[in-house]
Amino acid sequence: TIDVLNVSIDQFLGIPYAEPPVGRLRFAKPEPIKTPKPDIIDATILKNACMQNPSPYFPNITLSEDCLVLNIWTPNAGNNNTNKSQLKPIMFHIHGGGLASGSIFEQYLSTNVLATRDVVFVSTAYRLGQLGFLYGDREDAPGNVGLYDQLLALKW
């Protein structure tokens, strides 16, 4: 739970939505998580951004191929100002960057303000550049897998 504009909201950072796209999955369509991790996920710390050219504007972002995660901000369940009996609207955010750069961690402090208005805000990471949009004309590398990452995140 964090406070934004004097309103308590719940923040969950780096929730995996797919198997890590490494090894045989490097250029393949993403696969849903088959087996839940036996450990507790620490959703209070930033995870890896997807591989891209480093940016001098965001020097503290760690890059990795294991990056298919979501950040989620929700109205605080203990907040008396939220209506617990109704479903909440969800805003699903796909970051920009021309499919070659960008991260869900660049704006993580500014995007959570929507949760103060009784909206669930979800932001997804997806593979970028060659790892996300290389076309190989092969069954094991169908191309545009970054778009498939986004689709799987929506299904999650």
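What are the residues in the stretch 1-32 that are loosely packed, with under 15 Cβ neighbours inside 10 Å and β-branched (Val, Ile, Thr), if any? Across the stretch 1-32, the qualifying residues are Thr1, Ile2, Val22. Counted as qualifying within the stretch 92-156 are the helices (runs of 4 or more DSSP H) with 2 or more residues that are buried (at least 16 other Cβ atoms within 10 Å of the Cβ), namely 129-133, 145-155. Per the conditions (1) out of contact with any Ser or Thr (no Cβ under 8 Å at 6 or more places or on another chain); (2) of a type outside the set (Gly, Ala, Ser); (3) in a loop (DSSP other than H, G, I, E, B), the sole criterion not satisfied by Phe58 is (1).
Could you check, for the stretch 41-53, whether at least one of its residues is under 24 Å from Gln130 (Cβ atoms) and exposed (fewer than 10 other Cβ atoms within 10 Å of the Cβ)? Yes; the residues of the stretch 41-53 include at least one that is under 24 Å from Gln130 (Cβ atoms) and exposed (fewer than 10 other Cβ atoms within 10 Å of the Cβ).
With at pLDDT below 90 and under 19 Å from Val119 (Cβ atoms) as the only criterion, which of Ile9, Ile61, Ile15 stands out? It would help to see each step written out before you state the result.
Details: Ile61 fails: under 19 Å from Val119 (Cβ atoms); Ile15 fails: at pLDDT below 90.
Ile9 is the lone residue from the list that is at pLDDT below 90 and under 19 Å from Val119 (Cβ atoms).
The values are calculated or read from the model by the stated rules, or taken from the named source; none is laboratory data. Nothing here was measured: the structure is a model prediction, and the numbers come from that model. All Cβ positions, glycine included, derive from the backbone under ideal geometry; neighbour counts span all protein chains shown.
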